[in-house]
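See structure below.
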Amino acid sequence: MLLCYDIFMNGKQNNLIHWFPGHMTKSLRLIQESLSIVDIVLYVLDARAPISCLNPSFDEIIGAKPIIFVLNKADLVPNGSLTPFKTKLGQISKSPVVSLNAGASKATDFIQPIVDELAKKKMARYKAKGIKASIRGIVIGVPNSGKSTLINNFCAKAKTVTGNKPGVTKGKQWVRVNEYFELLDTPGTLYPKLTDQTAARRLAYIGSIKDAVIDTTELAGALLTDLTNLAPDALKDRYNMDLEYVLNNNEEFSMDYKTSVEKGLEYIAKARGLLQKGGVPDLEKAAVALIDDFRKGRLGKIILDTF
């Protein structure tokens, strides 16, 4: 298995993340081969980081196939925050862009008419020949974007394996939605070169990069810093923390990034009662708690990508 991961700090924040396990090369090949037999691509993006979830590798292999962009987990972002992105992506791609929460009952009902419209020429052609045909769609996206959950919503039952971590879907799975529509689930796939480290970091925040290959404490520190600008009230509401004070105005400590982050994690550890013997704050547990709170929506509705 090819696995290269490196993360370090330089100044205030400059994390480098590279992670592309060997099976993802196989996944890209599987997707490319499957595209020849499908009619429609359902491209799933995590609504919290929709720009970061756009995979350049997919652009190279999708070609002219009709696409429906699905911004999943829309319940985890502020109302109206997806509108600019949906408009821009729709204009650039000339494709339908929808947002939903695939975990909600019947969330995908409004997508079926869009599928029918995109495939109507094919269906009409087969009907004219007296041939019964099915619309075939393929579901693609980065790990943990909710592809399998989306398919299960289409079927109104759990037909695929799902999980809140990357890598649950190991191979391709065909699932019949109804008598004329079937979907192919595929493994979550990242891009080989994560040259945009802001995107890489955000993919790590949402769980698209395997936690086991990431320094959790440093990732939590980066998230802590990013939230200062993106959602300054989130940590105050959750931990009663004045984040700007902790990171930037604490005269008791030196102003370097590492010390500031440690102070912030100490604050969270104390707020959550995550203490070691002698009342020493457990920074590692605080880091895990912060990331989990973000992923589960306990910090409120937050969107990471903005224009």
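The sole residue among 188, 171, 163 that is of a type outside the set (A, V, I, L, M, F, W, C), surrounded by fewer than 17 Cβ atoms within 10 Å (Cβ to Cβ), at pLDDT below 90 and closer than 25 Å to residue 305 by Cβ is 163. Only one of these conditions is not met by residue 16: (1) surrounded by 20 or more Cβ atoms within 10 Å (Cβ to Cβ); (2) aliphatic (A, V, I, L, M); (3) modelled with pLDDT under 90; (4) closer than 25 Å to residue 217 by Cβ. Which number is it? Single failed check for residue 16: (1). Is there a residue being under 15 Å from residue 188 (Cβ atoms) and without any contact (Cβ under 8 Å) to a residue 12 or more places away in the chain anywhere in region 96-111? No - not one qualifying residue is present in region 96-111.
Any chance region 253-265 includes a residue that's modelled with pLDDT of 90 or more and more than 30 Å from residue 173 (Cα to Cα)?
yes
Checked against (1) under 16 Å from the mean Cα position of the chain (by Cα); (2) farther than 22 Å from residue 152 by Cα; (3) among the aliphatic types (A, V, I, L, M), residue 71 passes all but condition (2).
Condition check ((1) surrounded by fewer than 20 Cβ atoms within 10 Å (Cβ to Cβ); (2) closer than 28 Å to residue 120 by Cα) across all residues:
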site: 44; (1), (2): no, yes
site: 47; (1), (2): no, no
site: 77; (1), (2): no, no
site: 88; (1), (2): yes, yes
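Of everything in region 272-307, what is crowded, with 17+ Cβ neighbours inside 10 Å and without any contact (Cβ under 8 Å) to a residue 40 or more places away in the chain? Give them in sequence order. Within region 272-307, 272, 274, 281, 282, 285, 289 meet the criteria.
Filter region 173-216 down to the residues that are of a type in the set (Phe, Trp, Tyr) and either over 22 Å from residue 135 (Cα atoms) or assigned to a helix (DSSP H, G or I) (or both) and list them by number. Hits for region 173-216 are 191, 205.
Could you please tell me which pairs satisfy a Cβ distance under 7 Å, a separation of 6+ or placement on different chains, a first residue in region 227-240 that is over 16 Å from residue 292 (Cα atoms) and among the basic types (Lys, Arg), and a second residue that is assigned to a helix (DSSP H, G or I) and modelled with pLDDT under 90? Partner pairs satisfying both residue conditions: 236/243. Scanning region 38-91 for residues that are in a helix (DSSP H, G or I) and either more than 18 Å from residue 191 (Cβ to Cβ) or in contact with a Cys (Cβ under 7 Å, 6 or more places away or on another chain) (or both) turns up 74, 75, 76, 83, 84, 85, 86, 87, 88, 90, 91. Would you mention how many residues in region 99-116 are under 18 Å from the mean Cα position of the chain (by Cα) and either surrounded by fewer than 19 Cβ atoms within 10 Å (Cβ to Cβ) or among the acidic types (Asp, Glu) (or both)? The number of residues fulfilling the criteria is 3.
The values are calculated or read from the model by the stated rules, or taken from the named source; none is laboratory data. Given the structure is predicted, the values throughout are model-derived calculations rather than measurements. Virtual Cβ from ideal backbone geometry, glycine too; neighbours counted across all protein chains shown.
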